[in-house]
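Reviewing the structure listed below.
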Amino acid sequence: MRQKVTFILGIESSCDDTSAAIIKNETILSNVIASQEVHKKYGGVVPELASRAHQQNLIPVVNQAIEDAGIKLEDIDAIAFTKGPGLLGSLVVGTSFAKSFALARNIPMMDVNHMHGHVLAHFIDEEGKEKPRFPFLCLTVSGGHTQIVLVKDYLEMEVLGATIDDAAGEAFDKTAKILGFPYPGGPLIDKHSQVGNPDRFEFAKPSIEGYNYSFSGLKTSILYFIQKEVQKNEKFIEENLSDLCASVQKTIINILFSKLKKAAFDLGISQIAIAGGVSANSRLRSELELLGKKHGWKTFIPKFEYCTDNAAMIAITGKYMYEKNIFADQTVAAISRLNI
Ligand code: KG4
Ligand code: ZN
């Protein structure tokens, strides 16, 4: 007997991207993302404006995802949505939409942990791409999180280490702000680094125990260094921009990999993945490949589209919950702080 095909609608609204995706088994049929430009002029995400923009964008984004997938609204068998972690007002928009949609269509819903989503993006079907085998390690690096995750099974994960202050994405974005870039500055640091000398400037690295991270000291040392140099030469940033970017980028990546390597050696795990917005960084991606070759690791790097926040990763996580009959009921509520 042929198994019935299941179509799942995924919804992501945890920060400043409104996204909807349709998944059929492990194949993404559509993944529509509306990024919010409104925050650029404020130098960071303004929570109230983010919730409002989600409310405006969500229905058009869902309609587009259904159209792109070439299916009908009635074909959708279940809905998965991000319950947390994230900005509460933003999460509430996606959660309320999912509850209404499930009620109106009389279909089940799955309340997804955003951090599971980033990790499980590695299981989306991609031609010619191998998927990780359990257990593997995943370095999840985004604007809100920096975690080394031991992934034991699809929905069974343990955080071995995390940042005690700023996330890696924040380290990129805050440095970018000091250098005069608009928000989010991470991709711009990446771009300018391409032509910069990463060994030109040295910045202090934190000494934190175990597998944890700290990035706030680095940000302060960069700020003081630049203030001092600008006093001597007001064109210092302008004249050294690409070398500054490349040196900062190298420092952040060295910090990230020093702990990841430690975890891999201690646990004897050789399947290593990266995930989250910062995994779009070109040096992080190429360094992981180099490390993989050096240490005999099998490395997993997500497609760009699945690095930053997207609903495809929420849809695939929802699929694994659907298969295990893990459903939410109408009393479910968004949670801004949610552990893995
Ligand atoms: O996962 P994500 O889209 O949202 C959160 O859940 O936070 O990650 C966004 C973060 C931002 O800090 C952004 O600057 C960073 O990812 N990012 C990058 C790059 N692309 C995005 N950082 C460095 N290099 C990049 N190419
Ligand atoms: Zn994220």
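Sort Phe123, Phe7 by heavy-atom solvent-accessible area, probe 1.4 angstrom, most to least.
Numbers: Phe123 5, Phe7 40 Å².
From most exposed to least exposed: Phe7, Phe123.
In terms of modelled amide H atoms, which long-range or inter-chain residues lie less than 5 Å from the amide H of Ala328?
Hits under the 5 Å cutoff: Met109, Met110, Asp111.
So if I place +1 on the C-beta of Lys and Arg and -1 on the C-beta of Asp and Glu, and nothing else carries charge, what would the dipole magnitude of segment 132-302 be about its Cα centre? I want it in debye, nearest 20. Can you show the working numbers first?
Values: 20 positive and 19 negative charges, 76 e Å.
My answer is approximately 360 debye.
Under 16 Å from the Cα of Lys261, which aspartates and glutamates turn up, not counting those fewer than eight places away in the same chain?
Lys261 reaches Glu209, Glu287, Glu289.
How high is the relative contact order of the chain, given as a whole-number percent (alpha carbon pairs under 8 Å, six or more residues apart)?
Numbers: 711 pairs, mean separation 84.1, N = 340.
That works out to 25 percent.
Mind computing the radius of gyration and Dmax over the alpha-carbon atoms of the chain? Å is fine for both.
Computed over the Cα atoms of the chain, radius of gyration and Dmax are 20.5, 77 Å.
Kirkwood hydrodynamic radius of segment 132-302 from all distinct Cα pairs, in Å? Write down the numbers at each step before the final one.
Working: mean 1/r = 0.0610 Å⁻¹.
Computed over segment 132-302, the radius equals 16.4 Å.
Expressed in nm to one decimal, what extension gain is obtained for the pair Leu103 and Asn25 from 0.36 nm per residue of sequence separation less their Cα-Cα distance?
Values: separation 78, 0.36 × 78 = 28.08 nm, distance 2.30 nm.
Net length gain for the segment: 25.8 nm.
Mind listing the phi-derived Karplus ³J(HN,Hα) values for segment 140-156, rounded to whole Hz, using 6.51, -1.76 and 1.60 with θ = phi - 60°, and x for any glycine or proline?
9, 10, 9, x, x, 9, 9, 9, 9, 10, 8, 9, 8, 7, 3, 10, 10
If you take the charge dipole of segment 132-302 about its Cα centre, with +1 on Lys and Arg Cβ and -1 on Asp and Glu Cβ, which of Ala273, Tyr213, Gly180 is farthest toward its positive end?
The one lying farthest along the dipole's positive direction is Ala273.
Starting with the highest mean, order 308-317, 176-185, 160-169 by the number of other Cβ atoms within 10 Å, averaged over the residues of each peptide.
Numbers: 308-317: 30.4, 176-185: 18.7, 160-169: 20.4.
Highest-to-lowest ranking by the protection proxy: 308-317, 160-169, 176-185.
Leaving out ligands and nucleic acids, note down the accessible area per residue over the chain with a 1.4 angstrom probe, in whole Å². If you can, show how the numbers build up before the last one.
On the way: 15460 Å² over 340 residues.
The answer is 45 Å² per residue.
Using a cut-off of 21 Å between alpha-carbon atoms, which lysines can reach Lys228, once sequence neighbours fewer than 8 places away in the same chain are excluded?
Reachable lysines: Lys174, Lys177, Lys205, Lys219.
Taking Lys319 as the anchor, which lysines have their alpha carbon closer than 24 Å to its alpha carbon, excluding any fewer than eight residues away along the same chain?
List returned: Lys4, Lys24, Lys72, Lys83, Lys99, Lys129, Lys131, Lys152, Lys303.
Sum -39500 (n - 2.57) across every DSSP H segment of at least 4 residues in the chain, then divide by the residue count to get the 222 nm mean residue ellipticity, nearest 500. Intermediate values should be presented prior to the final figure.
On the way: 9 runs with 142 residues, N = 340.
Calculated from helices alone, the mean residue ellipticity at 222 nm is -14000 deg cm²/dmol.
I'd like to compare 319-332, 215-228: which one has the highest average count of other Cβ atoms within 10 Å, and what's the full order after that? Please report the intermediate quantities before stating the final value.
Values: 319-332: 14.9, 215-228: 16.4.
Peptide ranking by packing, descending: 215-228, 319-332.
Keeping all protein chains in position, work out how much accessible area Lys191 exposes to a 1.4 Å probe, and write it in Å² to the nearest 10.
Approximately 130 Å² of Lys191 is accessible to the 1.4 Å probe.
Per the 1.4 Å probe, what fraction of the accessible area of the chain, in percent, lies on carbon and sulfur atoms? Mind showing how you got there, number by number?
Details: 7690 of 15460 Å².
The computed percentage sits at 50.
Mind ranking Arg337, Arg52 by accessible surface for me, highest first, 1.4 Å probe? Could the numbers behind the result be given before it?
Details: Arg337 205, Arg52 145 Å².
In descending accessible area the options line up as Arg337, Arg52.
Given a Förster radius of 56 Å and the C-beta distance between Ser270 and Lys232 as r, what FRET efficiency does 1/(1 + (r/R0)^6) yield to the nearest 0.05? It would help to have the intermediate numbers written out before the result.
Numbers: r = 48 Å, r/R0 = 0.86.
E between Ser270 and Lys232, to the nearest 0.05, is 0.70.
In whole angstrom, how far apart do the alpha carbon centroids of segment 52-81 and segment 260-298 sit?
35
Return a whole-number percent for the relative contact order of segment 132-302, with Cα pairs under 8 Å and 6 or more residues apart as the contact set.
Details: 303 pairs, mean separation 47.2, N = 171.
About 28 percent, as a whole number.
Given a 1.4 Å probe and heavy atoms of the protein chains only, how would you sort Ile71, Ile22, largest accessible area at the top? Intermediate results must be reported in sequence, preceding the final value.
Values: Ile71 25, Ile22 0 Å².
Reading off the accessible areas and sorting them downward yields Ile71, Ile22.
The values are calculated or read from the model by the stated rules, or taken from the named source; none is laboratory data. Note that the coordinates shown come from a computational prediction; the quantities given were computed from them, not determined experimentally. Positions of Cβ are backbone-derived with ideal geometry, glycine not excepted, and every protein chain shown enters the neighbour counts. To get the accessible areas, we keep the full protein, side chains included, count just its heavy atoms, and leave off ligands, DNA and RNA. Shrake-Rupley method; radii C 1.70, N 1.55, O 1.52, S 1.80 Å.
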